[in-house]
1. Counting only protein heavy atoms and a 1.4 Å probe, tell me what percentage of the range B:299-421's accessible area is made up of carbon and sulfur.
2. What full-extension length gain, to one decimal in nm, is calculated for residue A:123 and residue A:85 as 0.36 nm per residue of separation minus the Cα-Cα distance?
3. Any chance you could give the angle, 0 to 90 degrees and rounded to 10, that helix B:11-24 forms with the longest Cα principal axis of chain B?
4. Residues of the range B:299-421: accessible area per residue at 1.4 Å, in Å²?
5. Sketch the reach of a paramagnetic label on residue A:244 as a point 7 Å from Cα along Cα-to-Cβ, and name the residues of the range B:406-424 whose backbone nitrogen lies under 14 Å away.
6. Calculate how large, on average over all directions, the projected area of the Cα convex hull of chain B is; give the answer in nm² to one decimal.
7. Over 22 Å, how big is the tail of the calculated P(r) for the range A:148-240, in percent of all Cα pairs?
8. With the crude spin-label approximation of a point 7 Å out along Cα→Cβ, what separation in nm comes out for residue A:196 versus residue A:219?
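The values are calculated or read from the model by the stated rules, or taken from the named source; none is laboratory data. All figures in this text were calculated on a predicted structure; none of them were measured in a lab. For neighbour counting, all protein chains shown are included, and Cβ atoms are generated from backbone atoms with ideal geometry for every residue, glycine included. In case anyone asks, the SASA skips ligands and DNA or RNA and just uses the protein heavy atoms, side chains included. Shrake-Rupley method; radii C 1.70, N 1.55, O 1.52, S 1.80 Å.
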Amino acid sequence: MSKSLKLFGAATLGVAGVMVVAVNFADRNIAGMPAEPQLLGALPAPEPVETAEAPQGLLVGAAQAATSAGDGKFGLGRTALPEEVAAWDHDISPDGTGLPVGAGSVEDGEMLFEDNCASCHGSFAEGVGNWPKLAGGDGTLNHADPLKTVGSFWPYLSTVYDYVHRSMPFGNAQILSDDEVYAITAYILYSNDLVDDEFVLSNENFTEVEMPNSEGFIVDDRAETEYPQWRADPCMEACKDEVEITMRATVLDVTPDQAGSEAEPAATEAAAAPAEDAAPAAAEPETAEAAPAEPAVQEAAFDPDLAAEGEKVFNKCKACHQVGEGASNRTGPELNGIVGREVAAAEGFKYSDAMMEHGGTWTPEELRAFLANPRQDLKGTRMAFAGLRKDEDLDAVIEYLKSFP
Amino acid sequence: MAEDTGRGTSRRAFLRGSVAAGGAVLGAGMAQAADPDPLITTVQPWAQGFGDGVDATPYGLPIRFEEDVIRRNVEWLTADTISSINFTPIHALDGTITPAGCAFERHHSGAIELAKEDYRLMINGLVETPMVFSYADLERFPRENHVYFCECAANSGMEWAGAQLNGAQFTHGMIHNMEYSGIPLRTLLAEAGWSGETEGKWVYVEGADASSNGRSIPMEKALDDCLVAIKANGEALRKEHGYPARLVVPGWEGNMWVKWIRRIEVMDGPVESREETSKYTDTLADGTSRKWTWVMDAKSVVTSPSPQMPITHGQGPVVITGMAWSGHGRITRVDVSKDGGKTWETARLAREGENKALTRFYLDTVWEGEEWLLQSRAIDETGYVQPTKAQLREVRGLNSIYHNNAIQTWWIKSNGEAENVEVS
């Protein structure tokens, strides 16, 4: 792969670009550097539009102040320590640069994948709902609606390691050890039939794995295939004989309901809305007494302001959980009535074994402990969420959930 | 939310009522009032009592009558709202600067809350000295002001295979245009003692959020006009736009404008990260995919009339307006067609086009209740003419997803309503 770029062919480069680069390569330490000459003053006089601003163009300048040390530096910031660079610099290049020493097997990867990835990507990397499919799609790239997976599309294995290591699991990133990332990467290869079940991936053999679509990419060629055709004087009259409507958006009808925004007002108002809805229930104790079936937790004073705070906290949960009218199971179970509900009681939801064996009901205290650190509280849960660190967030989100009895 | 009083009706209710009424006044010519207007002849409460005091709104939102001018999400598009996108209400805006509060958001792991005190920017890799800058350090470097558009590569992406979403907000709303105050990236690279070598050199940029959204940028672009922005439209960046600092990559796809930017590494080659291989690449009909398709080609759209902005006033004068932009530089001309591209007339630019920024155009015309197939066509300073969807499909096929800059058609019907259509 060529790393040299023909970025600035004459055709793609405006006057401005040439001059900015020219300024940049000039000696930037000379005092009184001329203003960046790309702006209005350098352009041909515009015809039909306002010209009042043009003279100011000469005064507009790039930030090119002389530096104190005279070496192009301002003496700001500080040297990064090696530990700091090591903590943040994790990128892995296609040639394997950046890979840590380590190894992981398909066998270990299967278990790790089930625990950390399967809730969204499926046990076999086949994807759940709208979440990305990581396996399959072989040979579909030239079909209608190609299935782009790691196996069918991703050109470099380094990208898998890099991405899983820095950004997965979704909502709980950077918890996986180097060996675990090797193992999960190996399992994703296995799920795409690219290695066998005995395979162990390591920094030693990493670059030997060739991805099926590694030759499937070309560098942007619009400058050759498109621009010459379209940089032409456009037709103004009698450009075509017939014009017919060939497709209409309302036939598909996938546009969000315009009236919907009235029901879903701006965020600040939405945050307050459930509190208002829920407030009468707390303000009218008679109703609560008259309904003995209400779970005990409802007897505690309900705090609508806290619940409103909790709605914001719940944004962290929304990726996987629905609550409220019409809520259904998604990646996680629906949460209506969760405070006081039996554990693992959402109909039709496939809970982990650990959750099935838990028993009991979700009291506020139980929920609190679980949400503070799900994996520590309940080993084996599939909930890939790091937990809420702040006490006030825990209080608020539980109060919010109470507002959906 | 407070109940709407008669006067507090939303724009949408207003539009619904007026579309119906519009037919009645067709051909009415100069309006004549039958009875005196009570809004004029009776003393109105706002003319009698007090409005809000200055302490009522320390930081204001638009008045409640504009509460439907908001970012909207298309739920079926993504699995959740954490890694998702919403759309700027471009149909209801005018001018060129996008108010931050309704400028589209795209997150890969949610909009994080990162305080200035907790902010660190590291520059490492092939530099003399790896450096760490605090936010306070950034404020001490010389900075520049520039207006640039930021367009997601997927803007109009749902329209590749056909007319799909009925509204300019949804077809073209993954764009905003703000004035940035920021430090040239070349200044920061110089501070870390970058060698000055450009041949084969890249910078890898990443954000502080869990997605990190790492992207590789060729050194030539990094030195040309990239900024580390600390302000937008005069105020601190909004959380959803990368507070306290984001990268600005003028004219190039929005995914490269890394928010909450925390690290810039000078490298010998591209990382080929997830966002530049599995995403933001353009698959062609034969199954090969273009990568490094960074520049956003010239594009335009009529924002009004459009499906969310029907003609509600009956026959007579009407302002056709829209916006145009190009990642290659300035917009020099916009043409408008009312007949689906058979004939074109040149629109008026509200101001001279600016480098890699939105340009507003107007066509002040007359509507006599006839149907229009309304289109706009942008031309930039390189002579690039915005193509039709047919032209794009001929080269790229139907599976590209990204970088759809085709001419858009709105079918204006005789009752003033509009629909997103494709034409032959």
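1. The value for the range B:299-421 is 48 percent carbon and sulfur by accessible area.
2. My answer for the length gained is 10.1 nm.
3. Tilt relative to chain B: about 40 degrees.
4. 28
5. Residues passing the 14 Å test: B:422-424.
6. For chain B, averaging the hull's shadow over all directions gives 23.8 nm².
7. Roughly 47 percent, rounded to a whole number.
8. Rounded to a tenth, the inter-label distance reads 4.0 nm.
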